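Visitor: There's a structure below that I have some questions on.
The values are calculated or read from the model by the stated rules, or taken from the named source; none is laboratory data. All values reported here derive from a predicted model rather than from experimental measurement. Counting neighbours? That spans all protein chains shown, and the Cβs are built from the backbone with ideal geometry, glycine included. Accessible surface areas use protein heavy atoms only, side chains included; no ligands, DNA or RNA. Shrake-Rupley method; radii C 1.70, N 1.55, O 1.52, S 1.80 Å.
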Amino acid sequence: MVKIKEIKAITNLKKIYNKEILNNRIYFYEQPNTSIQSYIGSNYRKSSSSNSFSNSSSNSSSALSSNSSSNSSSNSSSASSLFKYVCKFTDGSTSKLYKINFKNSNNFFILKKIRKCEEWRTELYILEKIKNKSPRFLNLVSYYENYWNMCIICEHYNYYDLYEHIKLNIPYPLDMVRFFIKEILLCVKDLHDNGIVHLDIKCENFLYRPNHKYPLILIDFGHAEVLPINVVKQFSGGSYGTVPYLCPEGYDGIYSSKSDVWSIGICMHILATNLFPFDGEDSDEEYEYNARKYNLCLGDIFSKESHEKDFLLKCLSFDMAYRPKIDTLLEHPFITNV
């Protein structure tokens, strides 16, 4: 068993441990069987940032507070398993996604293990910044780190992502396209209002909750950046995001809030036609070539002049200066004329 770096602040810490435990050092250990245990050291040290996370969501707090009662001794090194792995969702090159279940609770959560690199610091910061800022965001519950990974725990929703739903229903009638695009706009607006751009807007990054007041939840902030509206930034690392949704300037590492607007246009075309407007035949190089050359291939539904075609072309303006802001798109006749 390897002792892991001390955690100065754990999101939602006040809900996981009682007030007395807050004054102790919190350690996490990772065993060969990948179960996580929490060890409470006898050394006292109050975290200066522990009060920063007092406003937690009711779903998270109810699930986690049930684990705090067993940790009543403040000076002992007693251990108890915090959660168990239920299944693995994805296994990417830099991150792995798991469904987990906390002990003595029927509530499930998402654990994202991120290989340590510069990007994970940004993702964690953004998740903390937007926590409980909008019911349209995936909420951070807790986090910890070991030598190799940063591990982020978020709320779990038992819903399909929008792309999975699309595969069952494509192509959507125009009214449904309007409904989903309006909800996507509202999600992105809430993010932009907090001075953050997502930079990986795609159908897979929205969870769909039918018949809910807030039917879409925006997830996966691994590429997000703190970037106010009207600010353009060039990243030295080149392009990142998902190629078929990437704006032309994004291939040169140039990003802004207008990058998300372009991606919304791609989502709209997929919802209406089940096709990307810049065909690449599953080749990233061909997608890039067609986007840079603006070889736009619209589906039949956009063949005639209409509000929906105008909305789409505004989102997919080659020059990002001509792409409208989210607030302007929400007032477009395609959205308002129901």
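Visitor: Which of (1) in contact with a Lys or Arg (Cβ under 7 Å, 6 or more places away or on another chain); (2) free of Cβ contacts under 8 Å to residues at least 12 places away in the same chain does ASP193 not meet, given it meets every other one?
Guide: (1)
Visitor: Would you call PRO171 under 28 Å from VAL226 (Cβ atoms) and in contact (Cβ under 8 Å) with a residue 40 or more places away in the chain?
Guide: no
Visitor: Now, a different point. For ASN158, work out the one condition from (1) surrounded by fewer than 20 Cβ atoms within 10 Å (Cβ to Cβ); (2) in a strand (DSSP E or B) it doesn't fulfil.
Guide: It is condition (2) that ASN158 fails.
Visitor: Name, by its number, the condition in (1) open to solvent by 10 Å² or more (accessible area, probe 1.4 Å); (2) under 16 Å from the mean Cα position of the chain (by Cα) that does not hold for VAL243.
Guide: (2)
Visitor: Being under 23 Å from the mean Cα position of the chain (by Cα) and surrounded by fewer than 20 Cβ atoms within 10 Å (Cβ to Cβ): is that true of VAL261 here?
Guide: It is false that VAL261 is under 23 Å from the mean Cα position of the chain (by Cα) and surrounded by fewer than 20 Cβ atoms within 10 Å (Cβ to Cβ).
Visitor: Now, a different point. Consider ASP310 carefully, then state whether it is acidic (Asp, Glu), at pLDDT 95 or above and touching a Phe, Trp or Tyr at 6+ places or on another chain (Cβ under 9 Å).
Guide: yes
Visitor: Okay, moving on. What number of residues within the stretch 219-233 satisfy the criterion of being in contact with a Lys or Arg (Cβ under 9 Å, 6 or more places away or on another chain) and open to solvent by less than 30 Å² (accessible area, probe 1.4 Å)?
Guide: Count: 2.
Visitor: Modelled with pLDDT under 50 and not in a strand (DSSP E or B), is that true of SER80?
Guide: Details: modelled with pLDDT under 50: yes; not in a strand (DSSP E or B): no.
So SER80 does not fit the description; no.
Visitor: Taking the conditions exactly as written (surrounded by fewer than 20 Cβ atoms within 10 Å (Cβ to Cβ), in contact (Cβ under 8 Å) with a residue 12 or more places away in the chain, more than 24 Å from TYR163 (Cα to Cα) and not charged (D, E, K, R)), does SER236 satisfy them or not?
Guide: Yes.
Visitor: So, in the stretch 127-151, of the ones that are over 19 Å from PHE102 (Cβ atoms) and hydroxyl-bearing (Ser, Thr, Tyr), which residue ends up most open to solvent (accessible area, probe 1.4 Å)?
Guide: Checking each candidate, the answer is TYR147.
Visitor: Report, ordered by the first and then the second residue, all pairs with beta carbons closer than 9 Å, sequence separation of six or more or different chains, a first member in the stretch 289-304 that is free of Cβ contacts under 8 Å to residues at least 60 places away in the same chain, and a second member that is open to solvent by 50 Å² or more (accessible area, probe 1.4 Å) and in a helix (DSSP H, G or I).
Guide: ASN295/TYR289; LEU296/LEU313; LEU298/LEU313; PHE302/LEU313
Visitor: While we're on this one: Taking the residues in the stretch 192-218 that are modelled with pLDDT of 95 or more and in a helix (DSSP H, G or I) as candidates, determine which candidate is surrounded by the most Cβ atoms within 10 Å (Cβ to Cβ).
Guide: The qualifying residue surrounded by the most Cβ atoms within 10 Å (Cβ to Cβ) is HIS192.
Visitor: Take the stretch 168-191 and flag every residue that is more than 15 Å from LYS325 (Cα to Cα), of a type in the set (Val, Ile, Thr) and part of a helix (DSSP H, G or I).
Guide: VAL177 - this is the single residue of the stretch 168-191 that is more than 15 Å from LYS325 (Cα to Cα), of a type in the set (Val, Ile, Thr) and part of a helix (DSSP H, G or I).
Visitor: Hey, another quick one. Could you please find all residues in the stretch 196-233 being aromatic (Phe, Trp, Tyr) and either over 13 Å from ILE184 (Cβ atoms) or touching a residue at least 60 places away in the same chain (Cβ under 8 Å) (or both)?
Guide: Scanning the stretch 196-233 gives TYR214, PHE221.
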